[in-house]
Amino acid sequence: VKTTVSVIKADVGSFPGHSRTHPKLLEMAARRLKEAEGSILIDSYVTHCGDDLELIMTHTKGEDNEEIHKLAWDIFMECAGLAKEMKLYGAGQDLLGDAFSGNVKGMGPGVAEMEFEERGSDPVLVFMADKTEPGAWNYFLYKIFADPFSTSGLVIDPSLHEGFTFEVHDVIEKRKILFNTPEESYSLLAYIGAPSRYVIKYVWKRDGTIGASTSTQRLNLMAGRYVGKDDPVMIIRAQSGFPAVGEVIDPFRTPILVAGWMRGSHHGPFMPVGVCDANCTQFDGPPRVICLGFQVCNGKLIGPADMFDDPAFNRVRDQCCELSSVLRAHGPFEPHRLSLEEMEYTTLPGVEKQFKDRWEDLPE
Ligand code: 13P
Ligand code: 13P
Ligand code: MG
Ligand code: MG
Ligand code: MG
Ligand code: MG
């Protein structure tokens, strides 16, 4: 039987403000998943990145399974109930609907799933981010699976040498396209370099074996109003035909700028942190990413290992603080503030509306 890893997440309320998930919510979610182990689930692990509650689940039911999605939805609803009782901030924030209809996709929660035949040993890395959007993974997925200056295995390991296939989603036009690397890497970059619109959904080996899966849900597009950022998740398999664990996490040493941060409206540096530091503070950020490493063994999650809780990532964290100062100095100016096109999905249009009658046409 194949094993499925499902990572389903939502912000159902946090404290104080948008900074972190309350331990009582984590306990409630962990207890509910434990109860499902042995029936629906094989194993589970609950954590948080900032204000996002992360459910990591293993089972044999495949992707998009109704029972698994309903379990996650019910847990989010219960946790949102507790968040409301405690008057936590943004209780139920990401739960856009109130009736479950077969799948959490389109209802607010973010979902990354992959089904695979377990290898003799199967290292799996789960990445979880707060205060940013799904396209934030694009840069890293390219570095990991397509950049030979980053992943040396692409050059020196015969099992990686033929390259990978990337599935890219256009989240505006709702369409998808496949690119093979290395031969189409420039074409791939032409799209994924615009991460607010083009998002890598899957990466496969050329024989179709799954290597990476991400959440691509864009909350504000689904809701048609501002509901914060999507705060995406990603699953990556490592070693034996895939990049090594170290090749997967090494690109996070580069402090790239991503969209999100305060009010989902600013560019900021993407800071890799240990789970103990996965709390958004300064200007509701900076945007953060955690990585938990597991060995998947007959569906059991051996782990986790907190991959960025490591002095090897101290320097990038310092660089993120430096970049944060430079960007913050811009105040309300671009490019700290997102472009006008992106600001359409924030609270700015509400301000512009107040002045729509005060504008006068200029003479020709
Ligand atoms: P080990 O000899 O420690 O298993 O390392 C092999 C390897 O591929 C490291 O990337
Ligand atoms: P979240 O998407 O993490 O809730 O962020 C919302 C926000 O406005 C932060 O300032
Ligand atoms: Mg929030
Ligand atoms: Mg367990
Ligand atoms: Mg969040
Ligand atoms: Mg959010």
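Would you pick out the residues in segment 31-73 that are modelled with pLDDT of 95 or more, more than 20 Å from the chain's Cα centre (by Cα) and within 12 Å of ligand 4 (Cβ to nearest atom)?
Hits for segment 31-73 are Leu33, Lys34, Ala36, Glu37, Leu41, Ile42, Asp43.
If you check Tyr191 against the conditions, is it open to solvent by 20 Å² or more (accessible area, probe 1.4 Å) and assigned to a helix (DSSP H, G or I)? Lay out the reasoning, then the answer.
On the way: open to solvent by 20 Å² or more (accessible area, probe 1.4 Å): yes; assigned to a helix (DSSP H, G or I): yes.
Yes; evaluated as a whole, the condition is true for this residue.
Hey, among Ile236, Ile302, which residue is open to solvent by less than 20 Å² (accessible area, probe 1.4 Å), away from ligand 3 (no atom under 16 Å from the Cβ) and not basic (Lys, Arg)? Steps first, answer last, please.
On the way: Ile302 fails: open to solvent by less than 20 Å² (accessible area, probe 1.4 Å).
Answer to the check: Ile236.
Being open to solvent by 30 Å² or more (accessible area, probe 1.4 Å) and within 18 Å of the chain's Cα centre (by Cα) is the filter here, so list the residues in segment 203-222 that pass it.
Leu221, Met222
Output the residue which, of all residues in segment 146-179 that are surrounded by 12 or more Cβ atoms within 10 Å (Cβ to Cβ) and polar (S, T, N, Q), is farthest from the chain's Cα centre (by Cα).
Filtering first and then ranking leaves Ser152.
With the structure loaded, tell me whether Leu178 is at pLDDT 95 or above and more than 23 Å from Val111 (Cα to Cα) or whether it fails that test.
Details: at pLDDT 95 or above: yes; more than 23 Å from Val111 (Cα to Cα): no.
It is false that Leu178 is at pLDDT 95 or above and more than 23 Å from Val111 (Cα to Cα).
Between residues in segment 13-32 that are aromatic (Phe, Trp, Tyr) and open to solvent by 40 Å² or more (accessible area, probe 1.4 Å) and residues that are away from ligand 1 (no atom under 16 Å from the Cβ) and not in a loop (DSSP other than H, G, I, E, B), which pairs lie under 7 Å by C-beta distance while being six or more apart or on different chains?
These pairs meet every condition: Phe15/Tyr89.
Right, Glu341: farther than 30 Å from Ala212 by Cβ and open to solvent by 50 Å² or more (accessible area, probe 1.4 Å) or not?
No: the conditions fail for Glu341.
The values are calculated or read from the model by the stated rules, or taken from the named source; none is laboratory data. No experiment lies behind these values; they were computed from the predicted model shown. In this analysis, Cβ positions are derived from the backbone assuming ideal geometry, glycine residues included, and neighbour counts consider all displayed protein chains. Side chains included, ligands, DNA and RNA excluded: accessible areas come from the protein's heavy atoms. Shrake-Rupley method; radii C 1.70, N 1.55, O 1.52, S 1.80 Å.
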